[in-house]
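Chemist: Below you'll find the structure I mean.
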Amino acid sequence: GIGIYTSRAILAFAFNRPVVFLETNIRTVLLKHFYPEGQKVSDALLEEVAAYVLDAGAPAKWYSAMMDYGVEIKRLEGNHTRRSSSYHKQSPFDTSFRRVRGQLLKVLVAESPMDVEDVYRRLPFSRENIEKSIDELAEEGFISYSGGRLALVDH
């Protein structure tokens, strides 16, 4: 149920395995140093470079350093990742589905259980998006929804 990035990141960080994966800050470093003029550079090319320069003896430290360095490059120079073929501008957080979920959980942390009608009144999102969040959070086991009442699930 997880993707390539997550599975490889777990292998690298939790088990110190020398696997290749890309994320935005790693792409930034590789693009800056290996494709300084490149446009629409593919992940396949970046993965080849990452495999070549990866510190196989200390991958968790190497990836941490690459990510930190990528953050600093972005701060100083801007986002080189835009030159990657896999770049997609992320939608603003304030209108995203992640925000609906986060705000719903925040309301329930403050007051749980709660009538769903109170949730609709408190949150500035459409009923449709709130209902979608409720359904997903319930399916994931974070909240329960019964008889028009929402509650956090105590783990």
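The values are calculated or read from the model by the stated rules, or taken from the named source; none is laboratory data. Since the structure is predicted, the reported quantities are computational estimates derived from the model, not experimental observations. Cβ placement follows ideal geometry from the backbone for every residue including glycine, while neighbour counts extend to all protein chains displayed. These area figures cover heavy atoms from the full protein model, side chains too; ligands, DNA and RNA do not enter into them. Shrake-Rupley method; radii C 1.70, N 1.55, O 1.52, S 1.80 Å.
Chemist: With the condition kept exactly as written, say whether any residue in segment 86-98 is over 30 Å from GLU131 (Cα atoms) and either of a type outside the set (Gly, Ala, Ser) or in contact (Cβ under 8 Å) with a residue 12 or more places away in the chain (or both).
Modeler: yes
Chemist: For the structure I just gave you, tell me whether ALA65 is hydrophobic (A, V, I, L, M, F, W, C) and in contact with a Pro (Cβ under 9 Å, 6 or more places away or on another chain).
Modeler: Considered against the rule, which asks whether it is hydrophobic (A, V, I, L, M, F, W, C) and in contact with a Pro (Cβ under 9 Å, 6 or more places away or on another chain), ALA65 comes out as no.
Chemist: Restricting to segment 69-81, and then to whatever is open to solvent by 60 Å² or more (accessible area, probe 1.4 Å) and without any contact (Cβ under 8 Å) to a residue 40 or more places away in the chain, can you tell me which residue is nearest to ALA50 (Cα to Cα)?
Modeler: GLU72
Chemist: Give the residues of segment 55-84 that are part of a helix (DSSP H, G or I) and among the hydroxyl-bearing types (Ser, Thr, Tyr), sorted by residue number.
Modeler: Correct list: TYR63, SER64, TYR69, THR81.
Chemist: Moving to a separate point now. If you go through segment 33-41 one residue at a time, do you hit one that is open to solvent by less than 50 Å² (accessible area, probe 1.4 Å) and within 15 Å of TYR87 (Cα to Cα)?
Modeler: There is at least one residue in segment 33-41 that is open to solvent by less than 50 Å² (accessible area, probe 1.4 Å) and within 15 Å of TYR87 (Cα to Cα).
Chemist: With the requirement that a residue be crowded, with 18+ Cβ neighbours inside 10 Å and more than 17 Å from the chain's Cα centre (by Cα), what does segment 21-32 give you?
Modeler: Hits for segment 21-32 are VAL29, LEU30, LEU31.
Chemist: Give the residues of segment 135-155 that are surrounded by fewer than 13 Cβ atoms within 10 Å (Cβ to Cβ) and under 18 Å from TYR120 (Cβ atoms), sorted by residue number.
Modeler: ASP135, SER146, GLY147, GLY148
Chemist: Here's a follow-up. It is to be established whether one or more residues within segment 28-35 are part of a loop (DSSP other than H, G, I, E, B) and either touching a Phe, Trp or Tyr at 6+ places or on another chain (Cβ under 7 Å) or at pLDDT 95 or above (or both).
Modeler: Yes: one or more hits.
Chemist: In addition: Can you confirm whether segment 107-128 contains a residue that is surrounded by 11 or more Cβ atoms within 10 Å (Cβ to Cβ) and in contact (Cβ under 8 Å) with a residue 40 or more places away in the chain?
Modeler: yes
Chemist: Residue under question is GLN90, and the condition is that it be within 20 Å of the chain's Cα centre (by Cα) and not in a helix (DSSP H, G or I); does it hold?
Modeler: Judged against the criteria, GLN90 is a match.
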